[in-house]
Amino acid sequence: MPVSAYDRIAGLYDAWSTGVVEDISFYVEEALASGGPVVELGVGTGRIAVPTALAGVHVIGVDSSAGMLAVCAEAGRAAGVADRLDLRRGDLRRPPVTERVPLVTCPFRAYLHLGSDAERLEALAAARALLLDGGRLVFDVFAPSDEDIEETHGLWLEREPGIFERADWDRAARTLTLSVRGDAGESSMTLWWLEPQRWQALLAESGFSVEACYGWFDRRSYDGGEDSVWVARK
Ligand SMILES: C[S@@+](CC[C@H](N)C(=O)[O-])C[C@H]1O[C@@H](n2cnc3c(N)ncnc32)[C@H](O)[C@@H]1O
């Protein structure tokens, strides 16, 4: 597999995302409600997978970054849940998973790394194929507001102590080039955003029925904000 942009920041990612905690209990609740096991696509360093395993649910975690998976494996060992974390290197469009599960998740905007509808449809079909009948795909994405773009465009901002982040937005192409740097590494990656209506259409085209589209992880209804959290049933 090609080297991932995340490999260069695997040692930085947890410190970079220290402030991102609002989604953890949401995904853990979804995992518990499903009964598990859960396939997490883009599992990263286990920010969500480790708490999920601590709650007693078995997680199959897929990620294309060997560096992120290594950090996740160590976090699982440190938390005493290595036996509930099954980590596999692979592409979320072609996950190396033969098991069928009641819940597939793709937290923290990992689907925004897909750059075309063809890739998105491939990924959604792959997620659907992993699900048991009636199983659910849960993921979150965002589309930036004009204010967000204007306030952050091209600026290096200190997101966490010693960790700087820069967003370069291209409204026409709907891309965000996100750069991060700190003592433990630096990298740059591209995210492609879509309006929620497009996600809804892609889910329908992939054969999912949308059960809920929340505007935040407290399950409030989507009301036009930047974030959307999708629950789609096979
Ligand atoms: C924003 S991080 C989210 C990590 C974790 N789910 C979390 O919530 O902290 C996105 C993750 O998706 C992974 N990723 C991006 N594109 C991928 C792909 N095509 N296949 C598998 N993993 C991918 C990256 O390596 C990274 O670990």
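Overview of results
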{"read-out": "Estimated vicinal HN-Hα couplings, Hz - segment 215-231 in sequence order (Karplus 6.51, -1.76, 1.60; Gly, Pro = x)", "value": "x, 6, 6, 8, 6, 5, 5, 5, 10, x, x, 6, 9, 9, 10, 10, 10"}
{"read-out": "Beta bridge orientation in the chain: antiparallel %, DSSP, nearest 5", "value": "65"}
{"read-out": "Cα-centre dipole for the chain with unit charges at Cβ (Lys and Arg positive, Asp and Glu negative), debye to 20", "value": "920"}
{"read-out": "Amide H partners (placed H, <5 Å) of Leu87, local residues excluded", "value": "Gly61"}
{"read-out": "Value of [θ]222 nm, deg cm²/dmol, for the chain, DSSP H segments ≥ 4, -39500 (n - 2.57) each, nearest 500", "value": "-8000 deg cm²/dmol"}
{"read-out": "Cα-centre dipole for segment 157-226 with unit charges at Cβ (Lys and Arg positive, Asp and Glu negative), debye to 20", "value": "160"}
{"read-out": "For segment 91-105, Karplus couplings with θ = phi - 60° (6.51, -1.76, 1.60), whole Hz, Gly/Pro x", "value": "8, 5, 7, 9, x, x, 9, 9, 5, 10, 9, x, 9, 10, 10"}
{"read-out": "Of the GluC sites (Glu not before Pro) in segment 94-133, those whose Cβ has at most 14 other Cβ within 10 Å and which sit in DSSP loop", "value": "Glu99"}
{"read-out": "Sequence-separation-based contact order of segment 157-234, relative, with Cα cut under 8 Å and 6+ spacing, percent", "value": "18"}
{"read-out": "Residue-normalised accessible area of the chain, given per residue in Å² at a 1.4 Å probe", "value": "44"}
{"read-out": "Fraction of antiparallel bridges per DSSP, segment 146-189 only, in percent to nearest 5", "value": "95"}
{"read-out": "Student exercise, segment 146-189 dipole from Lys, Arg, Asp, Glu Cβ charges, in Debye to nearest 20", "value": "220"}
{"read-out": "Placed amide H near Ser4: partners under 5 Å, 5+ positions off or other chain", "value": "Ala66"}
{"read-out": "Accessible-area composition of segment 146-189, carbon plus sulfur, in percent [1.4 Å probe]", "value": "45"}
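The values are calculated or read from the model by the stated rules, or taken from the named source; none is laboratory data. The structure presented is a predicted model; accordingly, all values stated were derived computationally and were not measured. Positions of Cβ are backbone-derived with ideal geometry, glycine not excepted, and every protein chain shown enters the neighbour counts. Only protein heavy atoms, including side chains, enter the accessible area calculation; ligands, DNA and RNA are left aside. Shrake-Rupley method; radii C 1.70, N 1.55, O 1.52, S 1.80 Å.
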